[in-house]
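The values are calculated or read from the model by the stated rules, or taken from the named source; none is laboratory data. None of these values were measured; they are calculated from a predicted model. Note: ideal-geometry Cβ built from the backbone for every residue, glycine included; neighbour counts use all protein chains shown.
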Amino acid sequence: MVKLSIRLDPGRTGEPSTYVDRKHMLQGVPFLGAGLGFRREIGKEILSASQQVNFLELIADQYIDRPGIREQEAADLATRFPVVLHGVDFSVGTDCPLDETYLRSFCRIADLTKAHWVSDHLCLTRIPGNSLGQLTPLSFTDETVRIAAKHISEIADAVGRPFLIENISYYFTMPAAVMTEAEFITAVVREANCWLLLDLANVMNNAANQGYDARLFLDQLPLDRVVQIHLAGSSYSGPLLIDSHSHPVPDQVFELLKYVAPRMPSLRGVLLERDQNFPPIEELVAELEVTRQILKTHWAPYYYAGAEFPPAPDKEFTPRAKNAAASDYV
Amino acid sequence: MSEFGVQTALVRLLTDARLRRATLNGDLRPLTESGISTDDALTVLKIDRDRLEIFADMITAQRIDDLQNMLPITTRLLGTRLLEIEAAFREEVVPRFSRRREYALAFGEYLREEFERKEPVPAFLMDVLNYEMNSLELFERRNDPVPVSDAAKIEKIDDQQSRFKIRIVRPSTNCTLRLKYDVLTAISQMRETDTFVTPEQQPGFLLLHVNSSGSIEHDRINVATARFLDLCDGRNDLGTIISRLAAEYGVNDELAMRDFEAKCISLCKSLAARQIVYVVSDRLCTKSH
């Protein structure tokens, strides 16, 4: 792995990043517009609304370790929409080497779909021999910054595309923190020389659950590194606001988008996530339109240059015949 | 304090209810006896207990969701008992799994044992569980290496003289299931109408196999094909398989035997064409299923 001791942005400690600068990788990556997370449950509806959906985010894990027919589905989708790839199981904060098999599979799907960029979460999802299946918070310590940055750098080098790290919703804090969440995210992004996927619903959830001011939090993030934004609706489970992706995007989240939009020169796409309680596709399309209007008004490149959104793909999609699989899963 | 130690302690607390109860009640021994340092154990104890419990519940909910995805019909047939059985499973089996599918496989195995040990279970439920578990197990084995080398494979199996020098090898990527009910029709009916009716008894055999795209396919097969496949264990040569089947089916006159042999060879060829079995030279046969 090539490592250079060059650092353009001083981090929390002012030390230079250990990892190679990858800013050039974003050059030539187009602004994609307002997209949807692809979910098989509403796959047909998404295809039918392809004019209004500027791009798709595919969950890599839906295609990794699954039959080849699933990979073909991902490849087919990539012929219809610009695609970005989102992982949920790199577990970049685990103090162990990366899972090489998962990394290879992830890279294969990224190549197959010609993903414009790839992402995963700043969290722990597993340790060797034990998978949690949930995004679990990390200790906000220098050691964890080092661990996460090393893993992110390895992924970015392997995948050869811009890599974005996403802030998670978390429901408890790890003890022994030596920095705030915003400082932790900033330190990781700068140390790893990566980009940020800013989930505004997670910011809203954490502000509610951890008792902080969402705008003050956002002010402390490296917004110049934000390449993608996630929007979603959350729900209460007992006392906690949960990242359930089960409801329409609330006004508070759209307000946060308006708040940060003028300060994100690297932004390439805003994505709506919906995982359950699916509404008619028209409702999701309407939320995408609200998103586009906010960007047109508040996002500097549009505001000043009046740029047009990229045209939506208009080719016909021909779903592949369903395979006579023993079950939908296998 | 080590980050790995703290992470290990946290993951164990979140996935092992008994350990969590003991630790949160101040008994650190189960954690420290498993190699976690006292420092690391004390660190995770500083996490807000209520929130730790809530998060552990979220992990459990995710695992139940995974079960419903991976054993969809079985879990549906269990109905409200799923939660009760899953809770007992978590208490009795410390669930440590590096991949989410392993949780479903372990739960299915637990169900099988419970059904055999404790209670009379509807045969239809056992059929469905066996069908779904076999599908998952086959998927786990989908990348198993082909058990014979290309050099050992042979095409010509018609020669009567050489039948006793030909072995039939069956790879680990297929299996035969004996079912009491027509599970496939019931499942497809459920998918189409979202209603579930236990079908009439209709004993039969299913062949499950991994196809070239990595999906599991199924074929209804007759009892003779199932028996033929049973005998393809890599040890029996083709001549022996035909002789044993002929004996079992009471084929004894010459004309009938000739017809029977032709049918066996035709079946063998069609199975070999789909890579459900491999026909290999006795001399070169190295591995078997």
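Of the helices (runs of 4 or more DSSP H) lying entirely inside the range B:1-61, those containing at least 3 residues that are more than 8 Å from chain A (Cβ to nearest Cβ) and surrounded by fewer than 19 Cβ atoms within 10 Å (Cβ to Cβ) are B:17-24, B:29-32, B:38-44.
Residues of the range A:114-146 that are closer than 20 Å to A:PHE163 by Cβ, within 9 Å of chain B (Cβ to nearest Cβ) and assigned to a loop (DSSP other than H, G, I, E, B): A:LEU138 alone. If we scan the range B:121-133, do we find a residue that is touching a Gly at 6+ places or on another chain (Cβ under 9 Å) and among the aromatic types (Phe, Trp, Tyr)? So far as the range B:121-133 goes, no, none of its residues is touching a Gly at 6+ places or on another chain (Cβ under 9 Å) and among the aromatic types (Phe, Trp, Tyr). Residues that are free of Cβ contacts under 8 Å to residues at least 60 places away in the same chain, farther than 22 Å from B:LEU77 by Cβ and outside any helix (DSSP H, G or I) occur at least once in the range B:222-238. Of the residues examined, A:GLN276 is one that is farther than 30 Å from B:LEU206 by Cα, at pLDDT 50 or above and within 14 Å of another protein chain (Cβ to nearest Cβ).
Each residue in the range A:172-197 was checked for being within 14 Å of chain B (Cβ to nearest Cβ), touching a Pro at 6+ places or on another chain (Cβ under 9 Å) and either β-branched (Val, Ile, Thr) or assigned to a helix (DSSP H, G or I) (or both), and 1 of them qualify.
Against the test of being touching a Ser or Thr at 6+ places or on another chain (Cβ under 8 Å) and surrounded by fewer than 18 Cβ atoms within 10 Å (Cβ to Cβ), the options B:ASP233, B:ASP253, B:ASP259 yield a single qualifying residue, B:ASP233. Scanning the range A:210-220 for residues being over 30 Å from B:ALA56 (Cβ atoms) and outside any helix (DSSP H, G or I) gives a total of 1. Taking the range A:90-126 as the range and being free of Cβ contacts under 8 Å to residues at least 40 places away in the same chain, surrounded by fewer than 23 Cβ atoms within 10 Å (Cβ to Cβ) and farther than 13 Å from A:GLU154 by Cβ as the test, the residues that pass are A:THR101, A:ARG108, A:ASP111, A:LYS114, A:THR125. Test A:ARG161 against the stated conditions and say whether it is out of contact with any Lys or Arg (no Cβ under 8 Å at 6 or more places or on another chain), basic (Lys, Arg) and more than 14 Å from chain B (Cβ to nearest Cβ). For A:ARG161, the condition - out of contact with any Lys or Arg (no Cβ under 8 Å at 6 or more places or on another chain), basic (Lys, Arg) and more than 14 Å from chain B (Cβ to nearest Cβ) - is met.
Take B:PHE164 and tell me if it is at pLDDT below 80, hydrophobic (A, V, I, L, M, F, W, C), in contact with a strand residue (DSSP E or B) (Cβ under 8 Å, 6 or more places away or on another chain) and not in a loop (DSSP other than H, G, I, E, B). Against the criterion (at pLDDT below 80, hydrophobic (A, V, I, L, M, F, W, C), in contact with a strand residue (DSSP E or B) (Cβ under 8 Å, 6 or more places away or on another chain) and not in a loop (DSSP other than H, G, I, E, B)), B:PHE164 qualifies.
Criterion applied to B:SER243, B:SER213 was being crowded, with 17+ Cβ neighbours inside 10 Å and farther than 20 Å from B:THR176 by Cβ, and the one residue passing it is B:SER243.
Determine, yes or no, whether B:GLU91 is touching a residue at least 40 places away in the same chain (Cβ under 8 Å), in a helix (DSSP H, G or I), buried (at least 19 other Cβ atoms within 10 Å of the Cβ) and not β-branched (Val, Ile, Thr). For B:GLU91, the condition - touching a residue at least 40 places away in the same chain (Cβ under 8 Å), in a helix (DSSP H, G or I), buried (at least 19 other Cβ atoms within 10 Å of the Cβ) and not β-branched (Val, Ile, Thr) - is not met.
Here is the figure for the range A:221-245: residues that are within 13 Å of chain B (Cβ to nearest Cβ) and under 16 Å from the mean Cα position of the chain (by Cα) total 2. The selection criterion, being farther than 22 Å from A:VAL83 by Cα and either modelled with pLDDT of 95 or more or more than 22 Å from the chain's Cα centre (by Cα) (or both), does not hold for A:ASP314.
Among the criteria (1) farther than 26 Å from A:THR186 by Cβ; (2) in contact with a Gly (Cβ under 8 Å, 6 or more places away or on another chain), the one A:GLU282 does not fulfil is (2).
Is one or more of the residues making up the range A:222-239 touching a Leu at 6+ places or on another chain (Cβ under 7 Å), charged (D, E, K, R) and not in a strand (DSSP E or B)? So far as the range A:222-239 goes, yes, one or more of its residues are touching a Leu at 6+ places or on another chain (Cβ under 7 Å), charged (D, E, K, R) and not in a strand (DSSP E or B).
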